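Peer 1: The structure follows.
The values are calculated or read from the model by the stated rules, or taken from the named source; none is laboratory data. Please read these numbers as outputs of a predicted model, since none were measured by experiment. Here Cβ is always computed from backbone atoms with ideal geometry, including for glycine, and neighbour counts include all displayed protein chains. What goes into the accessible areas is simple: the full protein's heavy atoms, side chains included, and nothing from ligands, DNA or RNA. Shrake-Rupley method; radii C 1.70, N 1.55, O 1.52, S 1.80 Å.
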Amino acid sequence: MIIESSAPTRVDLAGGTIDIWPLYLFHPGAMTVNFALSLRARVRIETRKDRRIILESHDRQVRVETSLERIDELAREQQLELLSKMVHFFRPKTGFHLVAHSEAPAGAGISGSSALAIALIGGLNRLVGNRYDDVSFIGMAANVETTVIKVPAGIQDYYPAYYGATSCLHLRPDGVEREHLPIDENELERRFVVCYTGEPRLSGINNWEVFKRHIDGDAEVFAIFERIREAATKMRAAVLANDWDAVSETMRAAYPNRKRLAPNITTPHMDRLVEKALANGAEAAKVCGAGGGGCIAFLCTEGRKPDVERALIEEEGAEILDWKVAREGLMISER
């Protein structure tokens, strides 16, 4: 039997970092806005007739082998930690060879690891006979990945991976509600450039430090989170209204606020890319994820996307990602 599963990455437009539990509970009306990218994390599982377990990362060229009898070793395996912990959680009863691959660059800040977590859960759950209902996938992904990264994690990244399309997550005391935003996603494709800086992300925002400061009652951090919430509220309204002037204004206002939260969210190279893009037809920039490298999403003036792409390509190390909005989220096939 061969099982193949995949899940899309994402660009976060507004509301990042406020999606860490329980921080959003202190900011009523907290939400995030994002859209899924066609750059997918992919998992292929082929069952074996023996009792061997082979885990392989196509991107990192790393391979780990064990057996069903020694599956508990995977709880402590560190070379392919996310794959190993997921397999240990599901504890399959048959041997198999699992290969993982991401179409996004390493450390891109577009949620490749969260997409991989969802793809792994989809594939492994099929391998063990659909043990869990789909509604539990996001919670499982967040919990297992948190044991890998060992710091509090935001929840927003698992939703575009599972659902695809464009989303607003409403973060409330009674739970997280995903709202599909019925917008013209072709307009996102026409307006946005997603550029990989060539620098793998080195956590421009230290979630644990931000978490501690917020819980300790740091007034500055609290005020920054209030502005993050306001930016997400404005972004949701702007994209629903197809008001690209408002999208641009919201992104421009949010950019310095994010840098106040973490001054190292951009590197000197990233600053040069932003300056070059803004001088050649971009209206605003959004550092993807935690920053400190990875990707930047640029909103372009209508008709200027090719100009922005050409200007960015001139900067050494920059790569323009080829993407579309992923209309579908988690996909699983079996043969």
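A quick yes/no check of all residues on (1) of a type outside the set (D, E, K, R); (2) at pLDDT 95 or above; (3) under 24 Å from residue 22 (Cα atoms):
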{"site": "197", "(1), (2), (3)": "yes, no, no"}
{"site": "226", "(1), (2), (3)": "no, yes, yes"}
{"site": "239", "(1), (2), (3)": "yes, yes, no"}
{"site": "251", "(1), (2), (3)": "yes, yes, no"}
{"site": "279", "(1), (2), (3)": "yes, yes, no"}
{"site": "282", "(1), (2), (3)": "yes, yes, no"}
{"site": "287", "(1), (2), (3)": "yes, no, yes"}
{"site": "291", "(1), (2), (3)": "yes, no, yes"}
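Peer 1: Further, regarding this structure: Give all pairs with beta carbons closer than 7 Å in which a residue from region 49-78 that is of a type in the set (Gly, Ala, Ser) meets a residue that is surrounded by 11 or more Cβ atoms within 10 Å (Cβ to Cβ); count only pairs at least 6 apart in sequence or on separate chains.
Peer 2: Final answer for the pair search is 57/80; 57/100; 67/51; 67/52; 67/53; 75/85; 75/88.
Peer 1: Can you tell me how many residues in region 308-335 are surrounded by 14 or more Cβ atoms within 10 Å (Cβ to Cβ) and under 16 Å from residue 272 (Cα atoms)?
Peer 2: Counting residues in region 308-335 that are surrounded by 14 or more Cβ atoms within 10 Å (Cβ to Cβ) and under 16 Å from residue 272 (Cα atoms) gives 8.
Peer 1: A further question on this structure: So if I check each of 193, 210, which one is in contact with a helix residue (DSSP H, G or I) (Cβ under 7 Å, 6 or more places away or on another chain) and modelled with pLDDT of 95 or more?
Peer 2: Details: 210 fails: modelled with pLDDT of 95 or more.
Residue meeting the stated conditions: 193.
Peer 1: Inside region 20-46, can you point out the residues that are open to solvent by 10 Å² or more (accessible area, probe 1.4 Å) and either assigned to a loop (DSSP other than H, G, I, E, B) or of a type in the set (Gly, Ala, Ser) (or both)? Working first, answer last.
Peer 2: So in region 20-46, the residues open to solvent by 10 Å² or more (accessible area, probe 1.4 Å) come out as 21-22, 24-26, 28-29, 31, 38-40, 42, 44, 46.
Scanning region 20-46 gives 21, 22, 28, 29, 38.
Peer 1: Any residue that is hydroxyl-bearing (Ser, Thr, Tyr) and free of Cβ contacts under 8 Å to residues at least 60 places away in the same chain - is there at least one of those in region 259-267? Even if it seems obvious, please write down each step before you answer.
Peer 2: Taking region 259-267 first, the residues hydroxyl-bearing (Ser, Thr, Tyr) are 266-267.
Still in the running and free of Cβ contacts under 8 Å to residues at least 60 places away in the same chain: none.
No, that holds for no residue.
Peer 1: Okay, moving on. Any idea which residue in region 125-153 is nearest to residue 208 (Cα to Cα), counting only those that are open to solvent by 30 Å² or more (accessible area, probe 1.4 Å) and polar (S, T, N, Q)?
Peer 2: 146
Peer 1: So for region 135-154 (the condition being closer than 14 Å to residue 24 by Cα, modelled with pLDDT under 95 and assigned to a helix (DSSP H, G or I)), does at least one residue qualify?
Peer 2: Looking only at region 135-154, we keep the residues that are closer than 14 Å to residue 24 by Cα, and these are 152-154.
With the extra rule that they be modelled with pLDDT under 95, the set shrinks to 152-154.
Narrowing further to those that are assigned to a helix (DSSP H, G or I): none.
Looking for residues that are closer than 14 Å to residue 24 by Cα, modelled with pLDDT under 95 and assigned to a helix (DSSP H, G or I), one finds none in region 135-154, hence no.
Peer 1: Shifting gears a bit: For region 180-200, indicate whether the set of residues that are out of contact with any Phe, Trp or Tyr (no Cβ under 8 Å at 6 or more places or on another chain), among the aliphatic types (A, V, I, L, M) and either without any contact (Cβ under 8 Å) to a residue 40 or more places away in the chain or open to solvent by 60 Å² or more (accessible area, probe 1.4 Å) (or both) is non-empty.
Peer 2: no
Peer 1: A further question follows. Out of 250, 233, which single residue is within 17 Å of residue 299 (Cβ to Cβ), of a type outside the set (Asp, Glu) and either in contact with a strand residue (DSSP E or B) (Cβ under 8 Å, 6 or more places away or on another chain) or in contact (Cβ under 8 Å) with a residue 60 or more places away in the chain (or both)? Break it down into steps so the answer makes sense when it comes.
Peer 2: Details: 233 fails: within 17 Å of residue 299 (Cβ to Cβ).
The match here is 250.
Peer 1: Open to solvent by 20 Å² or more (accessible area, probe 1.4 Å), at pLDDT 95 or above and over 21 Å from the mean Cα position of the chain (by Cα): is that true of residue 305 in this structure?
Peer 2: yes
Peer 1: Filter region 160-178 for residues that are in contact with a Ser or Thr (Cβ under 7 Å, 6 or more places away or on another chain) and without any contact (Cβ under 8 Å) to a residue 24 or more places away in the chain and give the result.
Peer 2: Matches in region 160-178: 178 only.
Peer 1: Could you tell me whether residue 2 is modelled with pLDDT of 95 or more, touching a strand residue (DSSP E or B) at 6+ places or on another chain (Cβ under 7 Å), aliphatic (A, V, I, L, M) and loosely packed, with under 14 Cβ neighbours inside 10 Å?
Peer 2: Values: modelled with pLDDT of 95 or more: yes; touching a strand residue (DSSP E or B) at 6+ places or on another chain (Cβ under 7 Å): yes; aliphatic (A, V, I, L, M): yes; loosely packed, with under 14 Cβ neighbours inside 10 Å: yes.
It is true that residue 2 is modelled with pLDDT of 95 or more, touching a strand residue (DSSP E or B) at 6+ places or on another chain (Cβ under 7 Å), aliphatic (A, V, I, L, M) and loosely packed, with under 14 Cβ neighbours inside 10 Å.
Peer 1: Keeping to region 80-113, report how many residues are on the phi < 0 side of the Ramachandran plot and modelled with pLDDT of 95 or more.
Peer 2: Narrowing region 80-113 to residues on the phi < 0 side of the Ramachandran plot: 80-90, 92-106, 108, 110, 112-113.
This time we only want the ones that are modelled with pLDDT of 95 or more, so: 80-90, 92-103.
Count: 23.
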